[in-house]
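Worksheet: one structure, shown below.
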Amino acid sequence: MTRQLVAFALLLPLAACGSDGGDDSGASDTTITVLAAASLTDTFTALAEDFEAEHEGVTVKLAFDSSATLAEQAVGGAPADVLATADTATMDDASEALAADPQLFATNTMVVALPADNPAGITSYDDLGSGDVTYVVCVDTAPCGKVAAALIESTGLTAEPSSLEVDVKAVLSKVATDEADAGFVYATDAVAAGDAVTTVEIPGAAEQVTSYPIAPLVQSEESDLAQEFVDLVLSEVGQQVLADAGFGPPS
């Protein structure tokens, strides 16, 4: 009974995250729901539009959040069809909800994002150690937080972050709106932010590569369409969309 209540409670927030803006009058329409890490917002929105264009009458609803939150929802039986996370460990946590073996589709690395006007005058990673600089990272339950914590430890940075954000989009927002002097974000998020931020490199970031897996879910009522969405992400078209956004190829 508890599991059913959890799944029902998750139905409303997921249903609110769709890429479509129409009504529900089309009884013949089919909807699939994709749970995806926050760092995939721009690319999966574009891919959802491509998928809908190729599948008449099909709507792709997108739910973006921390990978850990999405994996918990998937295991809890949330009404969804596909799960894409920002690390393999989180996908492993959702193994009982997967209808097929997860497949890697992209990689990412981390940078330090700065507000466009850079009020703190940061010119290198070492400046984060200044007592006058405030920086933010993701919570350590999120993949972006785990990578940031590993980099902070490996670089010997002793200054504490000023806040822990729920996901990488929240970190980026803090930086872009001058609420923080700097933030640990994925390189792709900095690319997506355009002129709103500048970046500095993190020593050793190339050794902390994040791999993104994707898989259909057992609770999917549209298993064929779920697999077709996975196939689109893995296809040449999907890989080009990801590459254009700054993601690296799966490794």
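The heavy atoms of K146 present about 90 square angstrom of accessible area, all protein chains included, probe 1.4 Å.
Measuring only protein heavy atoms, the 1.4 Å probe finds D42 accessible over about 90 Å².
Helical content alone sets the calculated 222 nm signal of the chain at -11000 deg cm²/dmol, taking -39,500 (n - 2.57) per DSSP H segment of four or more residues and averaging over every residue.
Dipole magnitude for region 79-195: computed about the Cα centre from +1 point charges on Lys and Arg Cβ and -1 point charges on Asp and Glu Cβ, it is near 120 debye. Taken over the alpha carbons of the chain as equal point scatterers, the Debye sum produces base-10 log I(q)/I(0) values at 0.07, 0.10, 0.15, 0.17 Å⁻¹ of -0.24, -0.49, -1.01, -1.22.
Taking a ≥ b ≥ c as the square roots of the eigenvalues of the Cα gyration tensor, region 138-251 is prolate, since a/c reaches 1.5 or more and a/b is larger than b/c. Kindly provide the pair-distance distribution of region 19-160 built from C-alpha pairs, with 5 Å bins from 0 and whole-percent values in order of increasing distance. Reading the bins upward from 0: 2, 8, 16, 16, 15, 13, 10, 8, 6, 3, 2, 1.
Springs between Cα atoms under 10 Å define the GNM used for the chain, and in it the highest mean-square fluctuation of A37, A68, A149 occurs at A149. Here the peptides 71-81, 190-200 are ranked by packing, the mean other Cβ count within 10 Å, and the order with the highest first is 71-81, 190-200. Put simply, the C-alpha atoms of region 90-174 give a gyration tensor, and the ellipsoid matching it has half-axes of 30, 13, 12 Å, longest first. Using Cβ point charges alone (K and R +1, D and E -1), the dipole size of the chain about the Cα centre works out to roughly 540 debye. With the dipole of the chain worked out from charges on the C-beta (+1 for Lys and Arg, -1 for Asp and Glu) around the Cα centre, which of V133, L83, S211 lies farthest toward the positive end? Most positive-ward Cα: V133. If you look at the Cα atoms of region 212-251, you get an Rg and a Dmax of 11.5, 33 Å. The value given for region 183-230 is a Kirkwood hydrodynamic radius of 14.1 Å, derived from the mean inverse Cα-Cα separation.
The values are calculated or read from the model by the stated rules, or taken from the named source; none is laboratory data. This one's a predicted model, so the numbers in the text were calculated from it and none came from an experiment. Methodologically, a virtual Cβ is constructed for each residue, glycine included, from the backbone with ideal geometry; neighbour enumeration extends over all protein chains shown. Calculation scope for accessible area: heavy atoms of the full protein, side chains included, ligands and nucleic acids excluded. Shrake-Rupley method; radii C 1.70, N 1.55, O 1.52, S 1.80 Å.
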